Structure formats: C-alpha cells, structure tokens
C-alpha cells in the first residue's frame, strides 16, 4: 500500500514536471522559431519581406529535444555514478546540455540567415546576443524538468531503462507533443496575425509574415510573449497528461488481472479522449458554422 | 497536390525490380543470421515489428509546415518525428510491463496502448488549439465527407487552403497509427532483449544473467529506438510530405512501405545480432 501511495505521489510530481517542461519547450521553440512555422521565417526574405525574427531551427523539435535531454540525462547519470548528489548532477547535466543547445542555436541562426544573403537579409548580431540566452533559459527549464522526471521514473518507480535512455525517449516525446500542439498557434495566429481570424492562411499569402510591432520591428521576444498565452500552456497540458496518465495507469492498475488492468484502463482513457475530441470538433462546427462569401454574410 | 501547388512526386505502384532486390536482401539477411548460429525467430519478430511501424506511420495524420499555418489538415510536425514520439511512449510502457509481468502478450499490448494514448492526447490538444484558440473548424481537403461520422467538409474549408485541423477520421487514424507503431516497436525491443539476455553472459566470460540485465535492456532499448527511426523515416519518404490518415489517397502506397521496412528491418536486425556474435576470441 505504501508503495502505491508513493507511486501516486511520484506520478503527480512527474506529471507536474512534464507540464512545466512542455510549456517551456514550446515557448523556447516559438521564440527561436524552431518548429514548422520556421519555414515561413525562412521563406519571408525570399519573397522580399526582410525581418528581425530569430531563426535557429537546428532540426525538428523531437530530435533536437531528444539530443539535449539525452545529453542532460547522460551527464547527470555519469555524475551520479561518481556519487554526486542527484539534484546537483541533474542541474549540472542540464547546464551542459543547454550550452550545447546555445551553440546549435548560434550556428543555426548564422547559417540559416547567411544563406539568405542574396535576398538582402542581414545577420543581426544583437538578435544573437539578446535572444540566444532567452532560448537557453527556456531550454534549461525544459531539459531540467524532463531529466528530473526521468530520474524519478528510473530511481523511484524502477523503470528498467537507464536514465540516458529515458532522457532520449521522453525528450523525443516532449518535442513531438510540443511541436504538435504549439506550432499552429505560433504559425497561424502570431506570424499571420494580419490574416483573417478563424480561417487558415491562404497559400498565396505564404511568406508575408507580420514584421512590425506597436513600435518598431517585431522581435521574437514578442512572439514568446504572445504564445505563452495559449500554445505554451496547451503544450504543457498535452505533455503533462501523456506522462501522468501513462504512469498513473501503470502504477495503479498493473497488478490487476495479471497486467491486463493497465491495458484496459489505457483503452478506456483512449475512448474518453476520443469522445472529448468528437465533442470539440462538433462544438467548432456548430459554433462557427460554414464559411460564407462576403456578399452573402453582409 | 502538395500545399505549395506542386504535383505529388512518387508513383503509387510497386516497383517489381526493387521489390525483387529487396526480397533477396531480406532472404540473405535471414540466411546469414541462420548461418551464424542464431535462431531466426527473433529476426522474424524484428521484421514483423519493422513492417508494423512502417504500416502504422501511414495512419498518422501529419500536416508538416502547411498545417502550422492552417493551410492543410493534420498535425503540424514531421511524419517520422511524430510517429517516433508515439512509438517511443509505447515502448516505455511495453518495456515496463515486461519487467513487471514477464508476459510477452501483455507487454506488446501495453506498448500498443501507450502509443495510442499518446496520440489520442496529442490529437485532442491539436483540435482544441484549432477550435478554441484559432476559431478554425476541422475540414479535410482530400475527401468531401468524413467516412466515419459523415460530416461534410467543403463548406467548412476556408478559402485558399487545403483544409485544416483534424477531422474525426484523422483523429482515428492517429490513434490507430500510434497503436500499431507502439506494438511494432515493443515487439522489436522484446525480441532483441531476449536475444541479448541469452547471449551476452557467454560473451562476457560467464557473467550472471542478473548482472547482464541492465546492459541487455539498454542495448535493446537503443536498438529499438534506432529501428523506430529507420522505419519511420522510410515510411515518411514513401508518404512524401503530408498525409491526412487512412482516407488519404496516399494511403494506397502502404504496401511499398511495408516491403521497404521489412527489408530494412531484416538487414538492421542482422547487424543488431552481429554485435553479440561470439567469435571465440
């Protein structure tokens, strides 16, 4: 019984850490333009729209976060093998992973922007100076929370995978959840704020991203400010739910029916999410209604 | 048509020459495994697992960059990446269930449900973002009517786009894709784990099975992740960009991916067994 209570506590803590990690991951990727919306940041100068948006896409978010979390988890694991305090080891591992992230960001920005030189897009040194530390800070939060969560799974919940392997698995899942949930909000709602609300961006408008703010040119910090209103927390909820429910169904129901309990609960959870999704879809259709032409609606 | 107006590249059919060459590679890999003294049953399991991953990836609705602008339906990330994320979440659950119960069937079912659950939550949050934050209803660009719910799409598709969001059939495809990818990945992991656990002690001068277990788990885990990425990337090449799910015409290309993934898995499976080949040195 005590073990189950401890397991539930650890599950809740891991879910909370995952929520913070998801929110920080998405905000980091939006400030750095790491995910799929980066295609528009890259495209804009080619269409004649020179901008000051940070453009540091190193790779897709999942492999990038897989790499950074496995570096953090690997260094932390190595330090723990030589009897470092786990908290200190996880912090040091995350710091080293963040420096790797910073190096990738800098080379990513310089490489990507330099490739746009023939379209007259300048390399802004002040963007590297001011925004790289901001993305590093967010990445630190994401990596630290993920590695701490993996440490709890390995040491307290006794998952068979070693800490670095857990870092890789959950780093990739973190990037997948964050990019899936957060990208449309950043790509459509922020980059194409000049387009109509409640409709997709027409393909003919590709590249015409918003480049000016209330005063002066828009900075990627403004994008981070905007996306933390929805995309960050939503990504956090997404990743937090994945981690929490995956652990919860295993901790509480693994013993039932020779292991089939956790599977049955998993299927029930999938059905519940399916029903909620169908409700969301129907709510959208009912509330917004079909698109009408301007003459018909006026 | 892709979102940027170009024609979809790559044919729909199966290339006979390529298929014959692939099957020869597959048979040679199996024969080589047998000739080296390994049982071929784990390799068959790995081939089935790899083919399942390739098959499952085609169900996952992936919109890539156009989806991030609400220009095309699907989840706004890459095919390989999303499938790997779901499959690895499944692998996490499957490995844990095997540790706790030691039952092969429970473990692969646990892996499948883990992948399906990850995709269900992700797809729900995608739709919640589109509907509640962006005010955009779900609409498919490939079919006029949802094959499952019967919802019609043309009037809900905004002008100048190929559709947006995740219609119910795409949500269903995502969950099924995560389920199959998690199943395939867990089969590969368990087959490799058993092979390593049986062969590593002899290779390490008679170390006990208990002491070798962490090494076997880690090796099998790393290789399983590698298999995931190999098969997911192969399937992504077959898809060429974006796919809406099982109702998408591109889904017809799936036999090609299954053959390709089986061949790649057979060869990679041979390599993954060679590392524990006892040369007697």
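The values are calculated or read from the model by the stated rules, or taken from the named source; none is laboratory data. Bear in mind that the values here come from a model prediction, so they are computed numbers and not experimental data. Don't worry about glycine lacking a Cβ; one is built from the backbone with ideal geometry, like all the others, and counts go over all protein chains shown.
Candidates in region A:183-203 are the residues that are in a helix (DSSP H, G or I) and within 8 Å of chain B (Cβ to nearest Cβ); of these, the one that is surrounded by the most Cβ atoms within 10 Å (Cβ to Cβ) is A:183. If you check residue B:181 against the conditions, is it in contact (Cβ under 8 Å) with a residue 60 or more places away in the chain, within 27 Å of the chain's Cα centre (by Cα), within 12 Å of another protein chain (Cβ to nearest Cβ) and farther than 30 Å from residue B:274 by Cβ? No, not satisfied.
When you check residue A:179 against the structure, is it in contact with a helix residue (DSSP H, G or I) (Cβ under 7 Å, 6 or more places away or on another chain), away from chain B (no Cβ under 13 Å), crowded, with 17+ Cβ neighbours inside 10 Å and in a helix (DSSP H, G or I), yes or no? Outline the logic, then answer.
Numbers: in contact with a helix residue (DSSP H, G or I) (Cβ under 7 Å, 6 or more places away or on another chain): yes; away from chain B (no Cβ under 13 Å): no; crowded, with 17+ Cβ neighbours inside 10 Å: yes; in a helix (DSSP H, G or I): yes.
Judged against the criteria, residue A:179 is not a match.
Residue-level check: of (1) out of contact with any helix residue (DSSP H, G or I) (no Cβ under 6 Å at 6 or more places or on another chain); (2) outside any helix (DSSP H, G or I); (3) more than 7 Å from chain B (Cβ to nearest Cβ), residue A:225 misses just (2). Just one of the listed residues (B:216, B:202) is assigned to a helix (DSSP H, G or I), more than 24 Å from residue B:86 (Cα to Cα) and either at pLDDT 90 or above or more than 7 Å from chain A (Cβ to nearest Cβ) (or both), namely B:202. Out of the residues in region B:145-163 that are more than 9 Å from chain A (Cβ to nearest Cβ) and touching a helix residue (DSSP H, G or I) at 6+ places or on another chain (Cβ under 6 Å), which is surrounded by the most Cβ atoms within 10 Å (Cβ to Cβ)? Taking the candidates together, the pick is B:146.
What residue, of B:109, B:120, B:95, is modelled with pLDDT of 90 or more, closer than 20 Å to residue B:221 by Cβ and surrounded by 24 or more Cβ atoms within 10 Å (Cβ to Cβ)?
Values: B:120 fails: closer than 20 Å to residue B:221 by Cβ; B:95 fails: modelled with pLDDT of 90 or more.
Criteria check complete, one pass: B:109.
Quick check on residue A:210: is it free of Cβ contacts under 8 Å to residues at least 24 places away in the same chain, surrounded by 15 or more Cβ atoms within 10 Å (Cβ to Cβ) and within 10 Å of another protein chain (Cβ to nearest Cβ)? The answer is no for residue A:210.
Here the helices (runs of 4 or more DSSP H) wholly within region B:25-105 that include at least 3 residues being within 10 Å of chain A (Cβ to nearest Cβ) and in contact with a helix residue (DSSP H, G or I) (Cβ under 8 Å, 6 or more places away or on another chain) are B:64-68, B:79-101.
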